[in-house]
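Throughout, read-outs are computed from the coordinates displayed, never taken from laboratory work. Predicted model only: the values in this text are computed from it and were never measured. Every residue, glycine as well, gets a Cβ built from its backbone with ideal geometry; the counts of neighbours run over all protein chains shown.
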């Protein structure tokens, strides 16, 4: 029963996360760092943002396999169906928000901030569930595990790499930087702050909802939120 509860919260968190990504993307000021490469690809090819998100997630899972090798476990394999669900949710949310086309910069910025709030909430819900991670965060943790690095700095380096990679990819494909803007930087900073803030205020929910961690990934929601 407890594991079922965790997966329900995780799926809801994944849906909220997808809505947040869609809102941030609809602001047209760039998107979150982890979505920046799929977003640039979707702007230059016919496949959707959700489809490229799935393909990129599978690449990140493969990189984890290369890094972890014999330490690649069952919970890592669970990222595959999660990646497909995340991609489907993103396309669904993008379709539902098709009416949203902010023109004024103030409205774009407002949409960006709301998207970051929603995305931060979704991230917190996924941490609260503590059953499986999205491929981006899992890759960071794989790097930390393999080379004994500090999580916070590795996460920052990963986000910066995604942003730079998206910018270079945009230059190669379109001859100009598009899809990577100030909103990408704002999302990188604000989403983690929001998730940490929620974790510090609502950390009691973990003990109220669950008895013990399932995967042993956190056990302390407030602490894990600080590692975003």
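For the reader, a short list of remarks on this structure follows.
- A crude spin-label estimate for the pair residue 55 and residue 4, with each label 7 Å from Cα along the Cβ direction, gives 3.9 nm.
- Centroid-to-centroid separation of the stretch 10-31 and the stretch 102-116 [C-alpha atoms, Å]: 13
- With respect to the chain, whose longest principal axis is taken over its alpha-carbon atoms, helix 151-174 is tilted by about 30°.
- Cβ crowding within 10 Å ranks 9, 127 as 9, 127, fewest other Cβ atoms first.
- Cβ crowding within 10 Å ranks 1, 43 as 1, 43, fewest other Cβ atoms first.
- Compared with the dominant principal axis of the Cα atoms in the chain, helix 49-68 is inclined by about 50°.
- Label-point separation, residue 95 to residue 202 (7 Å along Cα→Cβ), nm: 2.8
- Cβ-derived FRET efficiency at R0 22 Å, residue 176 paired with residue 156, nearest 0.05: 0.25
- Counting neighbouring Cβ atoms within 10 Å and putting the fewest first, the residues 154, 4, 184 line up as 4, 154, 184.
- 19 Å reach of a label modelled at residue 43, 7 Å along Cα-to-Cβ, counting backbone N of the stretch 102-125: 102-113, 115-116
- When the helices of the chain are scored as -39500 (n - 2.57) per DSSP H run of n ≥ 4 and the total is divided over every residue, the value at 222 nm lands at -25000 deg cm²/dmol.
- Using alpha-carbon coordinates, inclination of helix 79-96 to the longest axis of the chain, degrees: 40
- Rounded, prolate or oblate (a/c below 1.5 giving rounded, otherwise prolate when a/b exceeds b/c) for the stretch 1-82 by Cα gyration tensor: oblate
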